[in-house]
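Student: Here's a structure for you.
What follows is calculated from the coordinates using simple rules that are stated; it is not laboratory data. Note that the structure is a prediction, hence the values are computed from the model and not measured. When we count neighbours, we look across all protein chains shown, and the Cβ atoms used for this are built from the backbone with ideal geometry, even at glycine.
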Amino acid sequence: MIELQDVYKRLGTRDILRGLTVTVPKGMNFVLMGPSGTGKSVTLKHVIGIFKPDRGNVRVDGQDVPTMDQKQLMALRKRMGYLFQNGALINWLSVADNVALPLREHSQMSRTDIADRVHEVLELVGMAHAHAQFPPNISGGMKLRAGLARALVTNPEYVLYDEPNAGLDPIISQQIHELIAEVRDRLSVTGLIVTHSRACATQCGDRIGILESGRLAIEGSVDEIVHSDHPLARAFMGIGSD
Amino acid sequence: MNPFAATTGFLHDRVDGAGYVVNLLLRTLLVLPRIHRRLRFLLDNAFNAGVRALPVTMVVAAFAGAILAMQTGIELRRFGDTAVLGTITALSMCREMGPFITGVILAATVGSAIAAELGTMKVSDEIDALEVMSIDPTDYLVLPRVLALAVMCPLLTVLSDLIGIYGGSVIAEQNLGVSSDLYWISAIEALTSSGTVLPKEVYVGLLKSFVFGVAIATVSCAAGLRAGGGALGVGLAVQTAVRNSVILIIVLGFVVTWFFYFLS
């Protein structure tokens, strides 16, 4: 379970998070929505320990993330995957090498085992055919799928998705949404998804929280949020909000 | 804007930047024992640095040596002492010009490329992605680049010294009437007069270029890793890398010369 309790964070001169409290239960996809600049991506970076809160607490399975030393943080990150907006693949490595990177760096697996595991996750995200291609030569959707494969290759318990369909056309977006839902259902992975997209929230999410000014304005199941009268819920869930 | 606030802000940024570079260098030294895991990247980076800088280094060194011989030769001819032209050109190239030329060319070609590469990685979340995978960017990205330039800068300097001295010999023979034999004998005598296996003139120059290589790579990596704000930020990182590298080449060049020729 991921818990953020009363988290405050200032970056430069701006207060990004102002008392954010969120709980992500295990086995669920929790969708975090909200206007730009309200701290959605910053929230993800707190969970993975890139940012430390100025005040408040971040816990993963009861462990305090901000007080973790480098070793504990490494152990936590091995249990987590992170899908960045554009995949954030290393440009000079092939798709297969990108996916293999966390295993080569941290596991004791043999080359053959790593190759098998990489093939398995690339197969899962429908990218096995592009294993030898390099990131500059593949489309945005393929980069995201390769990024998802890299996030999944270590068998994480949690995956954090940062705008998984940003800049993608509706057809590719739909494929990514199905993939995220499949990851939850087939691999029992807990997800925290940051998105602006109604389709992504309703197709991938179990619960939705909408941020406003650095704190949660409304939270509920997908049905509750879709039918809510809250102005933010209506703005994000209304027809044409995609 | 308040001039006092502007000045303190400027100084704060400079001190902060210098602190980051020193910290990055220390962290790089700490991860040095892990270099065996980065040999492929080290070789790739060393090869790229050599390929990028070699043609420019050859051309610039040849002309620098020629200019040096020409300017010195004009004055020496007035005193009828052109016999020492080889000595002066060889010493100037090995002590100062060779390392300086190589350093500036590496800063412009390889340092700028390093800053652009890491800056682009920074603004496209690739550095964050490494951290999320518990991969230390200092170990994975900085260490191979710093070592590659630390090795390549002295190697290119040797080449630069030789080509510069050769450039001087062409001018000496063609324009100043100094025989090639005389030029080369005086050049070799100047470089071997100490009687040691590696003459001071050569090893101080090589040490200087080693220091330049480490400085250029560290400053360029730091500029890239601190980039922010999209394409504009990457452009600024490149500008910072080249500017700071050139300043450091001049300052460190002075410090090394002062240490070996005046202090010790």
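Student: Put a dot 7 Å past each Cα toward the Cβ at B:R37 and A:R234; how far apart are the dots in nm?
Tutor: 5.5 nm
Student: Once amide H atoms are built 1.01 Å from N in the peptide plane, which residues 5 or more positions from A:T21, or in another chain, come under 5 Å H to H?
Tutor: Here A:D6, A:V7, A:L216 satisfy the definition.
Student: According to a simple spin-label model (label point 7 Å from Cα along Cα-to-Cβ), what is the distance in nm between B:D16 and B:I247?
Tutor: 1.5 nm
Student: B:A231 versus B:A6, label points 7 Å from Cα toward the beta carbon: distance in nm?
Tutor: Once both label points are built, they end up 3.0 nm from each other.
Student: Measuring from centroid to centroid over Cα atoms, what is the spacing of the stretch B:1-60 and the stretch B:79-108 in Å?
Tutor: 26 Å
Student: Relative to the longest principal Cα axis of chain A, at what angle does helix A:140-152 sit, 0 to 90 degrees, rounded to 10?
Tutor: The answer is roughly 80 degrees.
Student: Can you compute the charge dipole magnitude of the stretch A:1-106 about its Cα centre, using +1 on each Lys and Arg Cβ and -1 on each Asp and Glu Cβ, nothing else charged? Give it in debye, rounded to the nearest 20. The partial results should precede the final answer.
Tutor: Working: 15 positive and 9 negative charges, 24 e Å.
Roughly 120 debye for the stretch A:1-106.
Student: Could you calculate the FRET efficiency of A:S139 with B:Y261 from 1/(1 + (r/R0)^6), where r is the beta carbon distance between them and R0 is 56 Å, rounded to 0.05?
Tutor: That gives a FRET efficiency of 0.40.
Student: So, one more: Report Rg(Cα)/(2.2 N^0.38 Å) for the stretch B:66-162, keeping two decimals.
Tutor: In units of the 2.2 N^0.38 Å rule of thumb, it is 1.67.
Student: Scan around A:Y161 for amide H atoms under 5 Å from its own, H built in the peptide plane at 1.01 Å from N, and keep only partners 5 or more places away or cross-chain.
Tutor: For A:Y161, the qualifying residues are A:L83, A:L192, A:I193, A:V194.
Student: Nearest 10 degrees is fine. How inclined is helix B:180-192 to the longest principal axis of chain B, computing both from alpha carbons?
Tutor: The two axes meet at around 60 degrees.
Student: Moving on. From the square roots a ≥ b ≥ c of the eigenvalues of the alpha-carbon gyration tensor of the stretch A:52-210, which class results: rounded (a/c under 1.5), prolate (a/b over b/c), or oblate?
Tutor: Oblate, because a/c is 1.5 or more while a/b does not exceed b/c.
Student: Using only atoms on other chains, find how many Cβ atoms lie within 10 Å of each Cβ of peptide A:80-89 and report the average.
Tutor: Across the residues of A:80-89, the mean count of other-chain Cβ atoms within 10 Å is 4.
Student: Using alpha carbon centroids, what distance separates the stretch B:203-264 and the stretch A:165-242, in Å?
Tutor: 48 Å
Student: With both partners inside the protein assembly as shown, how many of the DSSP beta bridges are antiparallel, as a percent to the nearest 5? Provide the component values of the computation, followed by the final result.
Tutor: Values: 21 of 38 bridges.
Just about 55 percent of them are antiparallel.
Student: Stretched out fully, how many nm does the piece from A:H129 to A:Q108 gain, at 0.36 nm a residue minus the Cα gap?
Tutor: Residue separation times 0.36 nm, minus the Cα-Cα distance, leaves 4.9 nm.
Student: With only Lys, Arg, Asp and Glu charged, each at its Cβ (+1 for the first two, -1 for the last two), find how big the charge dipole of the protein assembly as shown is about the Cα centre; round to the nearest 20 debye.
Tutor: Using Cβ point charges on Lys, Arg, Asp and Glu, the protein assembly as shown gives about 660 debye.
Student: Moving on to the next point. Using only C-alpha atoms and all pairs of different ones, pull out the Kirkwood radius for the protein assembly as shown in Å with one decimal.
Tutor: Here the Kirkwood hydrodynamic radius works out to 26.0 Å.
Student: Semi-axes of the equivalent ellipsoid of the stretch B:41-263: what are they in whole Å, largest first, if each equals the square root of 5 times a C-alpha gyration tensor eigenvalue?
Tutor: Equivalent ellipsoid of the stretch B:41-263: 39, 16, 14 Å, largest first.
Student: Translational D (Stokes-Einstein, µm²/s) of the stretch A:1-144 at 25 °C and 0.890 mPa s when Rh comes from the Kirkwood sum over C-alpha pairs?
Tutor: 142 µm²/s
Student: Could you give the dipole magnitude of chain A about its Cα centre, charging the beta-carbon of Lys and Arg +1 and that of Asp and Glu -1, in debye to the nearest 20?
Tutor: 700 debye
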